[in-house]
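Bear in mind these aren't lab numbers, they're just calculated from the coordinates by the rules spelled out. Since the model is a prediction, treat every value here as computed from it, not as a measurement. Using ideal geometry, Cβ is built from the backbone for each residue, glycine included, and neighbour counts are taken over all protein chains shown.
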Amino acid sequence: MKTIVILTDQLHKIGGINSLIQLKANYWVNNNYVVHIITTEQGANTPFYEFDPKIGIHDLGIDYDRNQSYFGKKNLPKVINNFWLLRKSLKKISPDLLIIANHIPVTYFFPLLKVNSKVLKEYHFTQFFRAQKKVSLFKRFENYVESKLDFQVVLNEEETIFYNSGKVYHIPNPIPFTQLGTPNNHQRKPIAIAAGRISPVKRFDVLLEIWAKFKELDNIWCLEIYGDGPKNDVEQLKNLIVKLGLGDSVQIIKPINNLPEVMGTRGMYLMTSEQECFPMVLLEAQASGLPIVSFDCPTGPRNIIKSGEDGILVEFNNQEAFVKAVSRLSSDESLREKLTLNGLESVQQYLLGNVMQQWEDKILSKI
């Protein structure tokens with residue numbers, strides 16, 4: 001059997017990348033592959049998601065200081081230690097495919113590992129903004145290192161234009177559903193939801209500004225934001241809720257591991273992010289029968305949503321248009337039903353089996 005090693009920083013936090021690692025690792029280990037996951041900062045923490053016991057999980061105990069660059073004074077010695085410990089582990093496991101699952105230090109030193117395996121890097125962020133900047137010396141270094149990769153996997157077709165290595169493959173994220181939701185719009189609560197880490201890039205502050213304008217037109221709907229983040233960011237969001245007088249219609253709720261189940265009872269999903277490469281949460285919303293309103297930010301939402309058919313895309317940063325879209329959707333049950341039905345149809349291409357077959361055809365058949 002072929003052996004796959006997945007490299008990441010940790011598995012104990014909730015998040016899209018960890019969810020994807022769990023989905024793929026569990027699938028592969030039950031489909032004739034040996035799977036190991038090597039972390040740098042897992043420690044004694046229990047993984048947030050449930051992994052098959054046949055998967056080997058190993059932590060190197062590096063414990064990077066996330067408040068500074070990986071190349072800072074505190075972290076550079078740890079990068080060196082990371083290199084030697086990882087090299088030792090890989091020599092013992094002898095994988096056929098090494099997957100760098102996110103942007104971690106091994107991204108820069110993997111060619112020095114001198115492993116016999118093929119090496120693949122996944123890109124969960126958009127290159128849209130970086131591609132518009134002048135090519136720096138460091139970017140040239142990154143390009144050189146990445147030229148040593150055997151495979152580069154991006155999440156949507158649009159992202160492939162930002163790479164010129166000839167090794168780029170488009171494979172979307174799968175959804176963790178064995179059964180899709182149902183429309184049941186007449187049974188859903190008049191609650192809009194949003195979810196994600198509370199950080200500037202998600203722009204929940206913009207969502208609150210939009211919601212305040214919407215509430216001038218509505219006295220029924222409520223908003224739930226599922227997420228957590230740095231204490232200061234969370235407090236600023238809570239203060240904004242008070243400032244905008246939204247205490248009766250908005251809640252911030254800690255992340256939960258059954259969000260799709262909650263989605264099946266809510267009325268719409270809202271996204272106001274500055275950028276999204278391929279947001280899993282939109283797929284989960286569609287698979288749960290939840291209609292979506294999203295800004296057309298680079299580059300993910302427009303690669304998932306066909307506006308007017310299975311969701312509504314709003315011109316980026318046009319808050320007034322977003323308010324109108326939310327108002328229209330909240331008051332038009334037939335529109336919600338149409339978007340729901342079409343969303344349930346279009347999301348089937350992202351079911352686990354369909355996506356994992358792409359991994360088999362494009363990647364695993366070549367190792």
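A few remarks follow.
- Relative contact order (%) - criterion: Cα under 8 Å, at least six apart; region: region 185-350: 24
- Extension reserve of the R87-L113 stretch, reckoned as 0.36 nm per residue once the Cα distance is removed: 8.8 nm
- Within region 185-350: Cβ-based charge dipole about Cα centre, in debye rounded to nearest 20 (Lys, Arg +1; Asp, Glu -1): 220
- Taking Cα atoms only, the orientation of helix 319-331 departs from the longest principal axis of the chain by about 70 degrees.
- Principal-axis tilt of helix 137-146 within the chain, Cα atoms, nearest 10 degrees: 70
- Overall form of region 185-350 per C-alpha gyration tensor (a/c, 1.5; a/b vs b/c): rounded
- Relative contact order (percent, whole number), the chain, Cα cutoff 8 Å, 6+ residue spacing: 14
- Net charge contributed by nearby residues that have their C-beta within less than 12 Å of K118 (K/R +1, D/E -1): +3
- Using alpha-carbon coordinates, inclination of helix 204-215 to the longest axis of the chain, degrees: 10
- Label point distance in nm, I220-L240, each placed 7 Å from Cα along Cα→Cβ: 2.7
- Contact order normalised by residue count of region 1-145, Cα under 8 Å, 6+ apart, percent: 24
- Residue by residue, region 352-367 carries 3J(HN,Hα) couplings of 3, x, 5, 6, 5, 5, 5, 4, 5, 5, 8, 10, 5, 5, 9, 9 Hz when phi is fed to the Karplus relation 6.51 cos²θ - 1.76 cosθ + 1.60 (θ = phi - 60°); x denotes Gly or Pro.
- Leading residue at positive end of dipole, region 185-350 (Cβ point charges), from P279, I305, I198: I198
- Unit charges on C-beta of K, R, D, E only; dipole of the chain, Debye: 1460
- Cα gyration tensor, region 58-199 - rounded (a/c under 1.5), prolate or oblate: prolate
- Cα-centre dipole for region 65-185 with unit charges at Cβ (Lys and Arg positive, Asp and Glu negative), debye to 20: 800
- Bridging of K254 to lysines at a Cα separation below 20 Å is possible for K13, K189, K202, K231, K238, once same-chain residues fewer than 8 apart are set aside.
- Selection from Y33, Y49, P77 lying farthest towards where the dipole of region 19-91 points positive, charges on Cβ: P77
- The packing ranking of peptides 44-50, 259-265, 121-127, highest mean first, is 121-127, 259-265, 44-50, where packing means the average number of other beta carbon atoms within 10 angstrom of each residue.
- Hydrodynamic analysis of region 51-133 uses the Kirkwood radius over alpha carbon pairs. Inserted into Stokes-Einstein at 25 °C and 0.890 mPa s, it gives a translational diffusion coefficient of 168 µm²/s.
- Total formal charge among the other residues, if their Cβ is under 10 angstrom from that of E345, Lys/Arg +1 and Asp/Glu -1: -2
- Fluctuation leader among R302, R130, R197 - the chain, Gaussian network, Cα springs under 10 angstrom: R130
- Overall form of the chain per C-alpha gyration tensor (a/c, 1.5; a/b vs b/c): prolate
- Sequence-distant residues sharing a close amide H with I57 (under 5 Å, placed H): I37
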